[in-house]
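Quick notes on the structure that follows.
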Amino acid sequence: MKMWLTSTNHKQIGLMYISTTFFFFILAGILSLLIRLQLAQPDQNILTPHEYNQIFTLHGTAMIFLVIAPFAFGLGNFLVPLQIGAHDMAFPRLNLLGVFLFIFSGIIIFLGVFAEGGGAFAGWTAYAPLSTMIVGTGAGQDLWLLGILVNSVATIMVAINFVVTILLYRAPGMTMWRMPIFTWEILATALLILMAFPSLACVVCELLLERHYGAQFFNPAHGGDPILYQHLFWFFGHPEVYVMILPYFGVVTEVLAVFSRKPVFGYVGLVLSAFAIAGLSMGVWAHHMFTTGAVANGFFSGMSFLIAVPTGVKFWNWIGTMWKGKLEFTTPMLFAVGFLFNFLIGGITGVMVASPPIDYHAEDSYFLVAHFHYTLGGGALFAVFAAIYYWGPKMFGFKLNETMGKANFWLMFIGFNITFIPQFFAGIEGMPRRVFTYAPTGDLGWLNAVSSIGAGIMAISAVGFVLNVIVSKLAQEPVGDDPWGAGQTLEWATSSPPPEFNFHALPPIRSERPVFDMRHPELAEERH
Ligand code: HEM
Ligand SMILES: [Cu+2]
């Protein structure tokens, strides 16, 4: 117990992030099942409108701030020092403070539900004036705001740590152009956090000042403007969706290369496209505000279309990596390929809603809910599972059961698509999001029933995953340094789990795959 409270070791802190996100994933998953239960049929009253508003607010908030983004910080904490040949992160104590602030932020956010009047209810976007409303709301919204503020400070801390570690703590020979793609994506993510998160911290403080100290930032009656809130929120909010996907682009790239038994295809293109995406993502925020009529739709639509170009480069390189490879469909590989399928649908529907005429119809409908679940659920979440199955042996010292793993994947993949494909059509038929029920018009009844069945299948898959962890932990089959026998990057040159100081000795580093070069010197290629 003492080690969990005091160790500043990056691997320990990585596991603290990962186990905490897993706990919040279970909570946020249960909340999503409650939503699907309420929406399974029209005109149901299993939940009251206020309960429903609190539940989707907490579900979305948790999945974004307490699951998908921090899981990547945990994985990065565990892996980045290993991948660059360092013994730890640059600021170990700041790292420990950061993970505790993160855990604390989650507790504060969830404590809100016990406040008089219930928890936050204004969605994960907390738009003013809904979120500045005091009358009839208790401390739930304030605790949510405080939790988000603490979470944003913790996130800025971990980003600083990643940038300094990656730029200054690489082992001799580990030049920037020899770093693994995952580490590059973490660097792009950390820089994006430093550019975007201050806007979140600032707008949360403004909301708290407006709720309790008479500030009038967003109140038009006193010269304020609710549109200002949306600008400040989405200046953070859109880059945040890339903070939640860039690390997983890295996960998928590494898994595809290892289980295609090939080097990454288009290494430089993958690196440059990560920074192109990060840069462009700072210039598209107002595509969330097309329907306000208060922004330059043409400009922000054009910028949003542009992001498809570097994303296309990534898809091209992922396909190139698999092309003519010796494909091995292990569980991590299945989740990585599932990611490609789902994220493609998420990406294409993203381009659709980046067009203002289509967005006028799709905004705040279930078409949009389906779109961002394909990118964040079908994309990022699938990559989370790929990462656990792929790097699990390195982190825990045992492999998860492959047969149960494949069942986990197929149930998750089928369940996911059954859940969210009907939502596109419910949205096209005009079903609004964030409303606790709907009238039995058109196809909405059966579309939602099918969607809820899909969510049930996903839940069974998630239970299967938990069982797999328990069964595999009990079996505790020991694994060597390179359990998949195809390691390329440095983490596969040390034991599983690694020793406290990471490496007894480092292999020579002359390319982006030093472990492969060490094992196959006859095939080794130098990369400058
Ligand atoms: C695991 C299965 C999941 C199911 C069944 C599910 C279901 C839903 C549904 C039905 C809504 C819409 C509620 C409404 O607008 O009335 C919703 C909202 C949302 N979900 Fe999920 N979700 C899942 C996973 C995820 C994941 C992995 C993320 C990742 C970030 C996520 C993020 C969100 C967000 C941000 C919202 C918007 C909340 C708001 O309107 O403020 N969900 N989810
Ligand atoms: Cu956006």
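The values are calculated or read from the model by the stated rules, or taken from the named source; none is laboratory data. As the structure is a prediction and not an experimental result, all values here were calculated from the model. Here Cβ is always computed from backbone atoms with ideal geometry, including for glycine, and neighbour counts include all displayed protein chains. Note: areas computed on protein heavy atoms with side chains; ligands, DNA, RNA excluded. Shrake-Rupley method; radii C 1.70, N 1.55, O 1.52, S 1.80 Å.
What is the ratio of the Cα radius of gyration of region 328-441 to 2.2 N^0.38 Å, where N is its residue count, to two decimals?
Numbers: Rg = 16.8 Å, N = 114, 2.2 N^0.38 = 13.3 Å.
Cα-based Rg divided by the globular estimate yields 1.26.
For Tyr389, Tyr242, write out the residues from largest to smallest accessible area, computed with a 1.4 angstrom probe and no ligands counted. Present the calculation step by step, with values, prior to reporting the outcome.
Values: Tyr389 5, Tyr242 30 Å².
Output order, biggest surface exposure first: Tyr242, Tyr389.
Please identify the chymotrypsin sites (Phe, Trp or Tyr not before Pro) of region 257-339 that satisfy two criteria: DSSP loop assignment and at most 16 other Cβ atoms within 10 Å. Which are they? Don't jump to the answer; show the numbers that get you there.
Details: sites: Phe259, Phe265, Tyr267, Phe275, Trp285, Phe290, Phe299, Phe300, Phe305, Phe315, Trp316, Trp318, Trp323, Phe329, Phe335, Phe339; in loops: Phe259, Phe265, Trp323, Phe329.
Those satisfying the criteria are Trp323, Phe329.
Using C-alpha positions alone, give me the convex hull volume of the chain per residue in cubic angstrom. Walk me through the intermediate numbers first.
Details: hull volume 76.2 nm³, N = 528.
Convex hull volume per residue, Cα atoms: 144 Å³.
At 1.4 Å probe size, with the rest of the protein present, what percent of the exposed accessible area of region 2-527 is carbon and sulfur atoms? Present the calculation step by step, with values, prior to reporting the outcome.
On the way: 14190 of 19520 Å².
Of the solvent-accessible surface of region 2-527, carbon and sulfur hold 73 percent.
Which whole-number percentage describes the relative contact order of the chain, with Cα contacts under 8 Å and a sequence gap of 6 or more? Don't skip to the end; give the middle numbers.
Working: 906 pairs, mean separation 85.4, N = 528.
Rounded, it is 16 percent for the chain.
Return the whole-Å distance between the Cα centroid of region 349-376 and the Cα centroid of region 188-267.
About 18 Å separates the Cα centre of region 349-376 from the one of region 188-267.
Given a cut-off of under 8 Å on Cα pairs at least six residues apart, what relative contact order in percent is computed for region 169-287? It would help to have the intermediate numbers written out before the result.
Values: 109 pairs, mean separation 43.8, N = 119.
This gives 37 percent for region 169-287.
Does anyone have the angle between helix 331-353 and the longest principal axis of the chain? Alpha-carbon axes, 0 to 90°, nearest 10?
Approximately 40 degrees, to the nearest ten.
Any idea what angle helix 444-475 forms with the longest principal axis of the chain, computed on alpha-carbon atoms, 0 to 90 degrees, nearest 10?
Orientation of helix 444-475: about 30 degrees from the principal axis.
Once phi is turned into θ = phi - 60°, what whole-Hz ³J(HN,Hα) does the Karplus curve with 6.51, -1.76 and 1.60 give for every residue of region 234-247, x standing for Gly and Pro?
With coefficients 6.51, -1.76 and 1.60, one gets 6, 4, 8, x, 6, x, 4, 5, 7, 4, 8, 10, 4, x Hz.
If I histogram all Cα-Cα distances within region 337-404 using bins 5 Å wide from 0, what percent of pairs lands in each bin?
In whole percents, the pair-distance histogram is 4, 17, 20, 16, 13, 10, 8, 6, 5, 2, 0.
Residue by residue through region 222-227, which ³J(HN,Hα) values in whole Hz follow from phi under the Karplus form 6.51 cos²θ - 1.76 cosθ + 1.60 (θ = phi - 60°), with glycine and proline marked x?
10, x, x, 8, x, 5
Grab the chain and count how many Lys pairs have their alpha-carbon atoms under 13 Å apart, sequence gap of 8 or more, or different chains.
Counting lysine pairs in the chain gives 4.
Return the loop-located chymotrypsin sites (Phe, Trp or Tyr not before Pro) in region 430-517 (DSSP other than H, G, I, E, B) with at most 15 other Cβ atoms within 10 Å of their own Cβ; answer none if there are none. Intermediate results must be reported in sequence, preceding the final value.
Numbers: sites: Phe436, Tyr438, Trp446, Phe465, Trp484, Trp492, Phe501, Phe503, Phe516; in loops: Phe436, Tyr438, Trp484, Phe501, Phe503.
Loop-located and lightly packed - Phe501.
Hey, can you find the accessible area per residue of the chain for me, probe 1.4 Å, expressed in square angstrom? Spell out each step's value before the answer.
Details: 19840 Å² over 528 residues.
Value returned for the chain: 38 Å² of accessible area per residue.
Need one value: the accessible area of Ile388 in square angstrom, 1.4 angstrom probe, rounded to the nearest 10.
Its heavy atoms expose roughly 20 Å² to the probe.
Please pull out the direction-averaged projected area of region 56-133, using the convex hull of its alpha-carbon atoms, in nm² to one decimal place.
6.3
Out of region 492-526, which GluC sites (Glu not before Pro) are coil in DSSP terms and have no more than 15 other C-beta atoms within 10 Å? Numbers along the way, then the final one.
Values: sites: Glu500, Glu512, Glu522, Glu525, Glu526; in loops: Glu500, Glu512, Glu525, Glu526.
Here the GluC sites (Glu not before Pro) that fit, given the DSSP loop and packing criteria, are Glu500, Glu525, Glu526.
Please arrange Tyr127, Tyr390, Tyr213 by accessible surface area, largest first, computed with a 1.4 Å probe and ligands excluded.
Working: Tyr127 60, Tyr390 5, Tyr213 175 Å².
Of Tyr127, Tyr390, Tyr213, the descending order of accessible area is Tyr213, Tyr127, Tyr390.
Using +1 at the C-beta of Lys and Arg and -1 at the C-beta of Asp and Glu, which of Tyr17, Gly320, Val463 has the Cα lying farthest in the positive direction of the dipole of the chain?
Gly320
When the helix-only estimate is applied to the chain (DSSP H runs of n ≥ 4, each -39,500 (n - 2.57), divided by the residue count), what is the mean residue ellipticity at 222 nm, nearest 500 deg cm²/dmol?
Details: 19 runs with 334 residues, N = 528.
One gets -21500 deg cm²/dmol as the mean residue ellipticity at 222 nm.
Tell me the angle of helix 297-306 to the major Cα principal axis of the chain, expressed in degrees between 0 and 90 and rounded to the nearest ten.
Its long axis makes an angle of about 20 degrees.
Quick query: amide H of Ser365 versus all other amide H atoms, modeled in the peptide plane; which residues come in under 5 Å with a sequence gap of 5 or more or a different chain?
Arg433
Can you compute 3J(HN,Hα) from phi for each residue in region 207-214, using the Karplus curve 6.51 cos²θ - 1.76 cosθ + 1.60 with θ = phi - 60°, rounded to whole Hz and x for Gly and Pro?
5, 5, 5, 6, 6, 10, 10, x
For Arg513, Arg261, give the ranking by accessible area with the largest first, probe 1.4 Å.
Numbers: Arg513 30, Arg261 95 Å².
Largest accessible area first, the residues go Arg261, Arg513.
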